[in-house]
Structures are given as C-alpha cells and as structure tokens.
Amino acid sequence: MPGAPGIIGVGHPELREALATAAAKAGATVVRGVGRSTVDPGPAPSVTYELDGAHHTLRARLVVVADGKNSATRTALGIPIVVTTPRVMLTGLLVDDGGAWDRAETTLDVDGRNQYVVVPRGADLIQLYIARHADDPERFNGPERVARFLAAYRSLALPCPDALAEATPAGPCATFPMTDAWTDNPLRPGIALLGDAAGWSNPVTAQGLSITLRDTRVLAEALLDTPTWTPQTLRGYAEERGERMARLRFATALTDLLSAFGLPDRAAKRRRMTRLLRQQPELGAALGAVHAGPWTPPAEAFSPDILTTLALA
Ligand SMILES: Cc1cc2nc3c(=O)[nH]c(=O)nc-3n(C[C@H](O)[C@H](O)[C@H](O)COP(=O)(O)OP(=O)(O)OC[C@H]3O[C@@H](n4cnc5c(N)ncnc54)[C@H](O)[C@@H]3O)c2cc1C
C-alpha cells in the first residue's frame, strides 16, 4: 500500500512488557500477579482483586476492562458477544531458522491444503503459521504436532523449504480458530471494554494490536473531551468502534474470498476473480483497510454486493 510503512513482527510477551514499562514511566501504577478480580459497575464503579492472599478494592470514575478475548469480566457483567463460525484453523510456531529466510519478506501464500504465513521476528527468529480449512480432517494436535507442522513447510511454494522444515522450535505449537467477534455496545455505566474483550478481528489480517491501541486512543480522547463519563457521553467511542470493526470484518471476508482457500478449483477461481479485479479495481478497495487503516477506503468499498460479485466470478 502506498504510504503504509509495512508490518512489525513483535512477540506478545515483549510488546506487553514494553507497554507496561511505558505505562509505569507515564505515572500509572502497574500491579502484577493479580488473582481473581471482580468489577462492580454503576455510577461509582470499583474493582476488587486478590493479591498475595489479600483482597484489595479500588474505586474509580471509570473501569476500563482489557482482559482479552475470553474476558472473564465481560462474562461476569453479562455483556453479550457475537462470534463468527471459523472458516479456518491457524497453527503457529516460533522457530530459529539460522537466518535462512529473507528478513525483508513477509509471506501469505497457499499451496494445496495449507496457507502459509511467515513473519520475521528480528534477526534470529521467525514466526511460522499454517492455516487449514476448518473441515480439514488433519489438525496439528497430539505429541507429534511440531514434527508434522515443520514437515508441512517442505513446500516448493516457499523460497527455502528445507531450512524452514529443519528449523529449531523456539516456542509452543498451538492452534486457534480464526473468527471475528463483536459486542453491540462496549459501554455500561462505569465500564468501558476495549481490545479483544470488546470483540476482535479475524487474525488472518493481523489487526489485533492496532485495534487495541486505536481503541485506547479513541477512548482516551473521548475521556478528555467530556467531564462526565457515561455510556451516553462516551458513545462516540462505541460508534467509531462498531463501524471500524464492521469494516475490518468485511476486509477479512474479502481476504479469505480472494485467497479462495480450500476451494477444489482454486486456481481457476482466483484467475477469474483477479481478472474481474483488474477490470474493476474498486471491488478490492477494502483490502486497503488492512495496511492503511479501516478509515482509508471510501464507505462504498465495504458494500456487501462486492463479496457476491467476486464470489460469482
Ligand atoms: C493465532 C493468533 C494470531 C494473532 N496474530 C496477530 C498479529 O499478527 N497481529 C496482531 O496485531 N494481532 C494478532 N493477534 C491478535 C492479538 O494478539 C490481540 O488482538 C491482542 O493481543 C489483544 O490485546 P488485548 O490487550 O485486548 O488482550 P490480550 O493481549 O489478550 O491481553 C489481555 C491481558 O489481560 C490479562 N488479564 C486477564 N484477566 C485479568 C484480570 N482479571 N486482571 C488483570 N489482568 C488480566 C491477561 O493476562 C493478558 O495479559 C493474533 C491472535 C491470535 C489468536
């Protein structure tokens, strides 16, 4: 994408440590090692948490809940979440490839039943993923999963298949369903959900961290704009998020559709869709949301008939 700087490959533990350090430097109190916690909503909300066997209660003007996709707080507050049915299962493994892979390359590629995602992670490591159709009978599970995962990297679609297949694992091998999810309203009296707790984007387009950081900025600006913090005064955050996530849902559906992943006539289907995109490039404009942000393409780029037009190509 013109003007987009490309992608950043950073591990979750390193990033969250950097963010916690930055928060502490900016004056926040970071408490680690918390056990069970509960949130009491309402006009004077509070959080009670367990630390070293003792209970602590904090009162706040607003409790911002960011406890991830399986948010226990969201469940306890009874905030409903809609989760799509996974089209794809994604398995990931961090490896040391001895520097064989070109560090300037990030790849999303399909060969047969496998969709490969390769993301360099600094000089030493690369993050490997394999996506398979949700109906694929062979999952990467059981004690042999790392060996089977690496063996599946011996694909001629990739530039250095042997080096990848013989790479040394540097982390766990885990499988995740690729879904989108959303809450109709991430606000309740005294409570604001953000990040995955408020609903997530299908990781196929790797938007999760950008979404969480943008949520934080939009919510922070809304808090600075108004002296009273209620679901009504903060509704701009909920509205912006709702539309932003809908646009990203469209972009992930379009990404899956254009990969034609799992279709028996994949090559022919992709040729027909690519020809149509050459004739009408505006049909693919929503893909710009992935690298330049969901507000960059015009609203008409997210019209549902685009998916049907391409699907029938
Ligand atoms: C397979 C897969 C691949 C992905 N790939 C990418 C990618 O390439 N790029 C990208 O941008 N995103 C990616 N994501 C998504 C990304 O990881 C998430 O969107 C992002 O981490 C969400 O941030 P968060 O802060 O909302 O939640 P999390 O990162 O899940 O953080 C929640 C934190 O809250 C803590 N917590 C939980 N309960 C409590 C409690 N009661 N009190 C205090 N703390 C608590 C947890 O320990 C955790 O540290 C991927 C996700 C998956 C599943």
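The values are calculated or read from the model by the stated rules, or taken from the named source; none is laboratory data. Just so you know, these numbers come straight off a predicted model, no measurement behind them. FYI the Cβ positions are ideal-geometry reconstructions off the backbone, even for glycines, and counts take in every protein chain you see. Only protein heavy atoms, including side chains, enter the accessible area calculation; ligands, DNA and RNA are left aside. Shrake-Rupley method; radii C 1.70, N 1.55, O 1.52, S 1.80 Å.
Leaving ligands, DNA and RNA out of it, rank Arg139, Arg103 by accessible area with a 1.4 Å probe, largest first. Could the numbers behind the result be given before it?
On the way: Arg139 95, Arg103 70 Å².
My answer, sorted largest first, is Arg139, Arg103.
Under 8 Å for C-alpha pairs, at least 6 residues apart: give me the relative contact order for the stretch 104-248, rounded to a whole percent. Mind dumping the intermediate values first?
Values: 144 pairs, mean separation 20.1, N = 145.
About 14 percent, as a whole number.
Assigning unit charges at the beta carbon (Lys, Arg +1; Asp, Glu -1) and nothing else, what dipole magnitude in debye, to the nearest 20, does the stretch 135-182 show about its Cα centre?
Numbers: 4 positive and 7 negative charges, 28 e Å.
Rounded to the nearest 20 debye, it is 140 debye.
Ranked from the most accessible area to the least, with a 1.4 Å probe and all protein chains present, what is the order of Asp96, Asp184? List each step's numbers first, then the result.
On the way: Asp96 65, Asp184 140 Å².
So the residues, ranked largest to smallest area, are Asp184, Asp96.
Loop sites by DSSP among the GluC sites (Glu not before Pro) of the chain, restricted to those with at most 13 other Cβ atoms within 10 angstrom, leave 145-313 as the longest stretch without any of them.
Projecting the Cα atoms of Pro281, Ala174, Val95 onto the charge dipole of the chain, computed from C-beta unit charges around the Cα centre, puts Pro281 farthest toward the positive end.
Per-residue ellipticity at 222 nm, computed for the chain from helices alone with -39500 (n - 2.57) per DSSP H run of at least four residues, works out to -10000 deg cm²/dmol. Per-atom-type breakdown for the stretch 88-177 gives carbon and sulfur 54% of the accessible area (1.4 Å probe, protein chains only). Considering only alpha-carbon pairs that sit under 8 angstrom and 6 or more positions apart, the relative contact order computed for the stretch 88-177 is 41 percent.
Principal semi-axes of the equivalent ellipsoid, √(5λ) from the alpha carbon gyration tensor of the stretch 1-112, are 37, 21, 16 Å from largest down. Between the stretch 253-309 and the stretch 1-76, the C-alpha centres lie 36 angstrom from each other.
Taking the Cα centre of the stretch 1-154 as origin, sum charge times position over the Cβ atoms of Lys and Arg (+1) and Asp and Glu (-1), and report the length of that vector in debye to the nearest 20.
Values: 17 positive and 17 negative charges, 107 e Å.
Around 520 debye, computed over the stretch 1-154.
Per-residue surface analysis assigns Met178 an accessible area of about 10 Å², computed on protein heavy atoms at 1.4 Å probe radius. Rolled with a 1.4 Å probe across the full set of protein chains, the surface gives Val10 an accessible area near 60 Å². Ordering Leu108, Leu287 by accessible surface, largest first, gives Leu108, Leu287; the 1.4 Å probe counts only protein heavy atoms, with every chain in place.
Rolling a 1.4 Å probe over the protein heavy atoms leaves Arg235 with an accessible area of roughly 130 Å².
Please state, rounded to one decimal and in Å, the Kirkwood hydrodynamic radius that the stretch 84-124 gives when every pair of distinct Cα atoms enters the mean of 1/r. Display every interim value, and only then the final one.
Values: mean 1/r = 0.0826 Å⁻¹.
Mean inverse Cα-Cα distance, inverted, gives 12.1 Å.
Please state the charge dipole magnitude for the stretch 153-228, taken about the Cα centre, from unit charges on C-beta atoms (+1 on K and R, -1 on D and E), reported in debye and rounded to the nearest 20. Provide the component values of the computation, followed by the final result.
Working: 4 positive and 8 negative charges, 8 e Å.
Result for the stretch 153-228 is approximately 40 debye, rounded to the nearest 20.
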